[in-house]
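Since the structure comes first, as structure tokens, the remarks are kept for the end.
The values are calculated or read from the model by the stated rules, or taken from the named source; none is laboratory data. Remember, predicted model here, so these are calculated numbers, not experimental data. Ligands, DNA and RNA are excluded from the accessible area calculation, which covers all protein heavy atoms including side chains. Shrake-Rupley method; radii C 1.70, N 1.55, O 1.52, S 1.80 Å.
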Amino acid sequence: MTTRIAIMTDEIGWHTRQLQAALRARGAVGRCVDLADCNIDTTAAWHGLVIPGYGRELPDAVLVRGIAGGSFEQVTKRLGVLHALRELGVPVYNDARAIERSVDKSMTSLLLHATRIPAPATWGTESAAQARRIAMRETAAGHALVIKPLFGSQGKDLQLVGEVDGVHHPMPDTDARYAGLAYLQRFVPPMGSPGFDWRVLVVGGRAITAMRRVSTHWVHNVAQGARCEPAQLEPALAQMAEGAAHALDMDYAGVDLIAAASGPKIQVLEVNGVAAWQGLQRVTGFNIARAIVDDLLDRKMAQTRSRVQESLPPERRA
């Protein structure tokens with residue numbers, strides 16, 4: 001029987017085509033499904049879910065490529081579908097818990113801190129006055145800050161706060177720009193010019209490839225114009241990226257790291273649970289989608305089958 005994989009995505013394009021091709025190469029079929037189109041209907045089937053294209057059945061596994069933004073209620077329902085699929089014994093890659101940890105940058109920071117993964121000092125506060133006090137204290141100590149949207153991506157809406165290269169950057173209105181929450185990280189100045197950071201892809205707990213993202217701008221993101229260059233996957237880089245992915249319990253992750261002039265030599269900036277890899281593929285000598293699909297089929301699905309078997313009473317185990 002053909003293995004049927006639901007590729008959860010709100011955008012069909014290069015990444016989904018790569019995944020579908022890799023699945024076909026393994027004799028599986030990948031169907032693109034938007035989580036916004038998935039519904040809960042306890043009268044429709046024993047499991048209570050409606051997944052477009054699967055009738056009364058469920059997919060054999062789910063590969064999460066993207067979740068559309070929406071209201072708090074809409075996103076909660078979409079993540080709830082992923083939670084339900086996991087509880088119903090369907091392998092979900094990455095599952096909702098891992099996505100929630102990585103989408104919420106404050107939770108990422110807390111988990112990295114708890115597991116002693118080096119990362120820039122971080123603050124999160126709903127008090128605009130407290131945010132200003134943090135900025136004043138950091139400025140007095142010679143540090144600038146970066147304010148980020150808690151749920152942001154692709155380097156959008158990042159702003160400097162404090163003095164950088166002789167220019168003062170004031171604290172923005174957090175109510176107007178950041179939904180009333182100041183998520184602040186200590187700014188790590190780029191080393192050299194142009195500056196760079198690393199993107200390391202971790203699949204199945206193992207760092208498999210890396211690139212440098214080079215830019216004259218302090219935001220080193222491909223979506224913001226950074227240039228991709230191949231990078232040697234040094235042991236220290238791989239070990240830190242793997243530790244970050246493990247801290248968030250991720251099947252696959254794009255880990256962003258930067259070289260720091262002071263403090264720990266390498267620090268983790270972000271951990272991406274729905275990581276894009278088109279730029280990375282251009283400087284990588286093997287098929288990244290195939291590596292992801294192989295890990296899903298060979299490791300994740302086997303682990304889930306084993307977990308389901310262990311949960312059954314002895315007389316029902318295969």
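If you roll a 1.4 Å probe over the chain with all protein chains in place, what percent of the accessible area is carbon or sulfur?
Heavy-atom surface of the chain belonging to carbon and sulfur, 1.4 Å probe: 51 percent.
Angle between the Cα long axis of helix 72-87 and the longest principal axis of the chain, 0 to 90 degrees, nearest 10?
For 72-87 against the chain, the angle is about 50 degrees.
Rounded to whole Å and sorted largest first, what semi-axes of the equivalent ellipsoid does the C-alpha gyration tensor of segment 55-162 yield via the square root of 5 times each eigenvalue?
36, 15, 11
Quote the Stokes-Einstein diffusion coefficient, in whole µm² s⁻¹, for segment 211-307, based on the Kirkwood radius over alpha carbon pairs, a temperature of 4 °C and a viscosity of 1.567 mPa s.
86
For the chain, what number of Lys pairs, 8 or more residues apart or on separate chains, have alpha-carbon atoms under 22 Å from each other?
Eligible lysine pairs with Cα atoms under 22 Å apart amount to 5.
So for segment 171-245, averaging the separation of alpha carbon pairs under 8 Å that are six or more residues apart and normalising by length, what relative contact order in percent results?
Here the relative contact order equals 25 percent.
Please calculate how many Å² of accessible area segment 100-212 carries per residue, with a 1.4 Å probe and no DNA, RNA or ligand atoms counted.
Solvent-accessible surface per residue comes out at 51 Å².
If I stretch the segment between E57 and T125 completely, what's the gain in nm (0.36 nm per residue apart, minus their alpha carbon distance), one decimal?
20.0 nm
Heavy atoms of the protein only, probe of 1.4 Å, neighbouring chains included. What is the accessible area of S71 in Å², nearest 10?
Near enough 40 Å² of accessible area.
Give the angle, between 0 and 90 degrees and rounded to the nearest 10, that separates the Cα long axis of helix 105-114 from the longest principal axis of the Cα atoms of the chain.
The two axes meet at around 90 degrees.
Keeping all protein chains in the complex and leaving out DNA, RNA and ligands, what accessible area do you get for D173 with a 1.4 Å probe, in Å² to the nearest 10?
The accessible area of D173 comes to roughly 90 Å².
Report, to the nearest 10°, how far helix 14-25 tilts away from the longest principal axis of the Cα atoms in the chain, using its own Cα long axis and a range of 0 to 90°.
Here the helix axis deviates by roughly 40 degrees.
Let me have the 222 nm mean residue ellipticity of the chain computed from DSSP H runs of 4+ only, each contributing -39500 (n - 2.57), with the sum over all residues rounded to the nearest 500.
-9000 deg cm²/dmol
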